[in-house]
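In what follows, a single structure is set out as structure tokens and then discussed.
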Amino acid sequence: MTKLVYTREEIMADDIYASEHLEAGYKLHGGFDSAGNYVSPRTLNRWPAVRAWQDTLKAKGAPLIDADTELLKYGNYPTVDQQKFLLQNGFGQTFWNSLTITGVIEARGKLLCEYAAPDLQEVIVEDISETATGHLNKGLLFAHGLDEGGDPESGVGAHDAMWFAARDLLFGKDAYPIPEIPASIGRPVEERDIPQLSEENEALILLLMNVLMIEVRAENFFSFSCQIAQDKDVFTDRRADADHAAELVDRIRQDEAIHVAYLQTVVSELRTFTFKTVDGKEICGADFIDPTWNRMVEWHSVTNHQNARKQTSENIQKQLLAHANGEALLKSFSSLEIQKAA
């Protein structure tokens, strides 16, 4: 019989590692098996659990929502060719900033360890004990937070430290000043999306969707970072370190897959449930989940991309134009851009 109910301890359980995960002076989560393969933290039971919950959804004829990079209208900015151009001409700060900002934002994910989600069973008619939704407070959110921000008490770093380690391998430590960090990378709350529910329950659903789209966007940056780090035309004086930095990014990507999977599962489950509204009625989850998810995708894939692109473009122009040959450099840089068609 398929196991669908897990304890917090089971969700948090680790594999037994043959060796620790130590990189660039950082003690990191996860570890390696006896064959030297990297094993993500806290996935001994999380992966079987998520797969079982997904299979249950599929057996009911309920599809998983789309949650991959096909949702994104544009690729990374700057493009791979543009980033190579910057690095080859001595302008590494843009890539350094991206790696640093990513690490700092990953560290903020630790807040998920402190977040107590409201009990959705109070507003969902169906029993959720055998679903991913029913396990949010049974370790899913807490494990996610540890994956992102690490465990300061044990001194074990997570994705925050892994990004910093990759950055240090590529550039050396403290190559550039720490950049200004965005206050938030999530869709801002401007008006009620789900007035049928309490603000507390709406906030939880929006949090799950925001984090899921941030994870989808991250996949673009994983691919971009690996392409840059592995390109033989850049980091020529640090080639072995650069290749190793790409391996680190791939480990982060492996870790993040479980986050996409469980969040995709929860949002998909929410579509299938019957909710009790604040005015005492009942409503199918898909009636408000689908339009809210579409708005979330639009903001992350279009609005946020355009805003971030504008800011990054202005910073790059400023750097290039400060050079004696700035106008020519900027012209060459701009000619390399190929945007993904909308």
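The values are calculated or read from the model by the stated rules, or taken from the named source; none is laboratory data. This one's a predicted model, so the numbers in the text were calculated from it and none came from an experiment. Note that we place each Cβ from the backbone using ideal geometry, even for glycine, and neighbour counts take in every protein chain shown.
Name the residues in region 240-278 that are among the acidic types (Asp, Glu) and touching a residue at least 12 places away in the same chain (Cβ under 8 Å), would you?
Result: Asp241, Asp243, Asp250, Asp255, Glu256, Glu269.
Which of the residues belonging to region 82-97 are in contact (Cβ under 8 Å) with a residue 40 or more places away in the chain and closer than 15 Å to Ala322 by Cα?
Leu86, Asn89, Phe91, Gly92, Gln93, Thr94
Output the number of residues of region 187-217 satisfying the condition of being of a type in the set (Asp, Glu), farther than 17 Å from Val266 by Cα, out of contact with any Pro (no Cβ under 9 Å at 6 or more places or on another chain) and touching a residue at least 12 places away in the same chain (Cβ under 8 Å).
Residues in region 187-217 being of a type in the set (Asp, Glu), farther than 17 Å from Val266 by Cα, out of contact with any Pro (no Cβ under 9 Å at 6 or more places or on another chain) and touching a residue at least 12 places away in the same chain (Cβ under 8 Å): 0 in total.
Which condition number does Ala35 fail, the rest of (1) more than 21 Å from Pro152 (Cβ to Cβ); (2) surrounded by 15 or more Cβ atoms within 10 Å (Cβ to Cβ) being met?
Just one mismatch for Ala35, condition (2).
Might you let me know whether region 273-287 holds any residue that is among the hydroxyl-bearing types (Ser, Thr, Tyr) and in a helix (DSSP H, G or I)?
Looking through region 273-287, none of the residues is among the hydroxyl-bearing types (Ser, Thr, Tyr) and in a helix (DSSP H, G or I).
Is it the case that Leu120 is among the hydrophobic types (A, V, I, L, M, F, W, C), in contact (Cβ under 8 Å) with a residue 60 or more places away in the chain and buried (at least 22 other Cβ atoms within 10 Å of the Cβ)?
yes
How many residues, within region 98-116, are aliphatic (A, V, I, L, M) and surrounded by 18 or more Cβ atoms within 10 Å (Cβ to Cβ)?
Qualifying residue count for the region: 4.
Picking from Val39, Val50, which residue would you name as being aliphatic (A, V, I, L, M) and either more than 21 Å from the chain's Cα centre (by Cα) or under 28 Å from Ala166 (Cα atoms) (or both)?
Val39
Answer yes if at least one residue in region 213-230 is touching a Lys or Arg at 6+ places or on another chain (Cβ under 9 Å), modelled with pLDDT of 95 or more, of a type in the set (S, T, N, Q) and buried (at least 18 other Cβ atoms within 10 Å of the Cβ), and no otherwise.
There is no residue in region 213-230 that is touching a Lys or Arg at 6+ places or on another chain (Cβ under 9 Å), modelled with pLDDT of 95 or more, of a type in the set (S, T, N, Q) and buried (at least 18 other Cβ atoms within 10 Å of the Cβ).
Enumerate the pairs (first residue in region 47-58 and without any contact (Cβ under 8 Å) to a residue 24 or more places away in the chain; second residue anywhere and part of a helix (DSSP H, G or I) and surrounded by fewer than 17 Cβ atoms within 10 Å (Cβ to Cβ)) with beta-carbon separation below 6 Å, excluding pairs fewer than 6 apart on the same chain, so at least 6 apart or on different chains.
none
Can you tell me how many residues in region 30-46 are at positive phi and in contact (Cβ under 8 Å) with a residue 60 or more places away in the chain?
Number of matching residues: 2.
Pick out the one residue from Gly149, Gly75 that is surrounded by 21 or more Cβ atoms within 10 Å (Cβ to Cβ), modelled with pLDDT under 95 and closer than 30 Å to Ala175 by Cβ.
None of the other options fit; the residue is Gly149.
Taking only region 17-40 into account, find how many residues are among the aliphatic types (A, V, I, L, M), closer than 22 Å to His144 by Cβ and not in a strand (DSSP E or B).
0
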